[in-house]
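J.: Pasting in a structure now, in structure tokens, and then I'll have a few things to ask.
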Amino acid sequence: MNSLIEIKGITKTYQMGEVAIHALRGVDLTVDYGEMVAIMGSSGSGKSTLMSILGCLDRATSGVYTLEAVDMNTLSKNEYADIRNQKIGFVFQVYNLLPRTSALENVELPLFYDRTGRIGDPKKAAIEALERVGLGARLDHVPSQLSGGEQQRVAIARALVNQPAIILADEPTGNLDTRTSIDILSVFQELNNQGITVLLVTHEPDIARYAKRTVEIRDGVIRRDVFVENRGDARADFENYREDEN
């Protein structure tokens, strides 16, 4: 079976007036189906640029990117947008929920842009996605009626609703306290245990230890790519944290 993601020699250069900023300098990376990979790096390392390219939010300056054996360089602008909508689920640090719209309606939203009609019943799909993240009883609540952790669960459900090939999570716990962060990571681990591929961008080692593999990027180059030893169990850690609080 082909890998889910393969990138070879990816570069990204931004032109700032007469100055060229080399954000990525020849990155090679393979992600297989069913992996949970943490991409680590400090601010300015290139990790967010790499995430943007992997998520089809931006195009590389040079190099090859294939997603499910499709060469992204061969796609038109509209085809690129279709891949982004159908194959990739995004979760960000900022939840990006519509404030006056229910959890159910927020999760349904990406389906309005799916021109394939793959999802026959958007409402049913949205309900199922919310149930997968433990919010089956909060369908009609608007974001202001939900905690930060619950809002992030809605965002995860929204990422799931199109049945994507991969979820890209960019600093998804950045706005959450430690206890809630571990709880959210338990959601990602559970989804990964169900076979969903997760790519997690973080600068925190405490977050990366819940992935199966960590990729460290620095100065636009991958410096380290290793499997995680003694991987954390987020659900167990969350239960222990709750007991300690009590």
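J.: What shape does the stretch 178-222 have by the C-alpha gyration tensor, where a ≥ b ≥ c are the square roots of the eigenvalues, rounded means a/c under 1.5, and otherwise prolate means a/b greater than b/c and oblate the rest? Walk me through the intermediate numbers first.
T.: Details: a/c = 3.02, a/b = 1.47, b/c = 2.05.
Because a/c hits 1.5 or more and a/b fails to exceed b/c, the stretch 178-222 counts as oblate.
J.: Can you sort L199, L29, L57, L139 by how many other beta carbons sit within 10 Å, fewest first?
T.: Values: L199 25, L29 20, L57 14, L139 17.
Listed from fewest to most nearby Cβ atoms, that is L57, L139, L29, L199.
J.: On to the next question. What does the extension gain come out to for T116 and R242, with contour length at 0.36 nm per residue minus their alpha carbon separation?
T.: On the way: separation 126, 0.36 × 126 = 45.36 nm, distance 4.39 nm.
Residue separation times 0.36 nm, minus the Cα-Cα distance, leaves 41.0 nm.
J.: Right, next: Could you give each residue of the stretch 18-31 its phi-based ³J(HN,Hα) in whole Hz, using Karplus coefficients 6.51, -1.76, 1.60 with θ = phi - 60°, and x for Gly or Pro?
T.: Each residue of the stretch 18-31 in turn: 8, 9, 9, 9, 9, 6, 10, 10, x, 9, 10, 7, 10, 10 Hz.
J.: Normalising by the residue count of the chain, find the relative contact order in percent from Cα pairs under 8 Å and 6+ residues apart. Provide the component values of the computation, followed by the final result.
T.: On the way: 479 pairs, mean separation 65.6, N = 246.
Value for the chain: 27 percent.
J.: Most exposed first by the Cβ proxy, i.e. fewest other Cβ within 10 Å, how do T116, T173 rank?
T.: Details: T116 9, T173 25.
Arranged by neighbour count, lowest to highest, T116, T173 become T116, T173.
J.: Same structure, new question: Starting from the 7 Å offset along Cα-to-Cβ, what nm value, one decimal, do you get for the label separation of T30 and R100?
T.: Here the modelled spin labels are 5.1 nm apart.
J.: Kindly write out, for the stretch 73-87 in residue order, the coupling ³J(HN,Hα) from the Karplus curve 6.51 cos²θ - 1.76 cosθ + 1.60 (θ = phi - 60°), rounded to whole Hz, with x marking Gly and Pro.
T.: 5, 8, 8, 6, 4, 5, 5, 4, 5, 5, 4, 4, 6, 9, 10
J.: Each residue of the stretch 46-51 in turn: what ³J(HN,Hα) in whole Hz from Karplus with 6.51, -1.76, 1.60 and θ = phi - 60°, glycine and Pro shown as x?
T.: The phi angles translate into x, 5, 6, 5, 4, 4 Hz.
J.: Work out, step by step, the length gained on full extension between Q163 and E131: first 0.36 nm times the residue separation, then minus their alpha carbon distance; give nm to one decimal. All intermediate terms of the calculation are to be shown ahead of the outcome.
T.: Working: separation 32, 0.36 × 32 = 11.52 nm, distance 1.43 nm.
Residue separation times 0.36 nm, minus the Cα-Cα distance, leaves 10.1 nm.
J.: Let me ask something else. How do V31, V107, V19 line up, fewest other C-beta atoms within 10 Å first? Don't jump to the answer; show the numbers that get you there.
T.: Numbers: V31 22, V107 30, V19 7.
Listed from fewest to most nearby Cβ atoms, that is V19, V31, V107.
J.: Once you order the gyration tensor axes a ≥ b ≥ c over the Cα atoms, which shape class does the chain get: rounded for a/c under 1.5, otherwise prolate or oblate by comparing a/b with b/c?
T.: Oblate, since a/c reaches 1.5 and b/c is not below a/b.
J.: What's the center-to-center distance, using Cα atoms, between the stretch 99-176 and the stretch 37-67 in Å?
T.: The two parts, judged by their Cα centres, are 24 Å apart.
J.: Next up: From a point 7 Å beyond the Cα of T13 in the direction of its Cβ, which residues of the stretch 67-99 have a backbone N at a distance under 20 Å?
T.: Under cut-off, by backbone N: 73.
Any read-out appearing in this document is the output of simple, stated calculations on the displayed coordinates, not a laboratory observation. For clarity, every value in this text was computed on a predicted model and none was experimentally measured. Note that we place each Cβ from the backbone using ideal geometry, even for glycine, and neighbour counts take in every protein chain shown.
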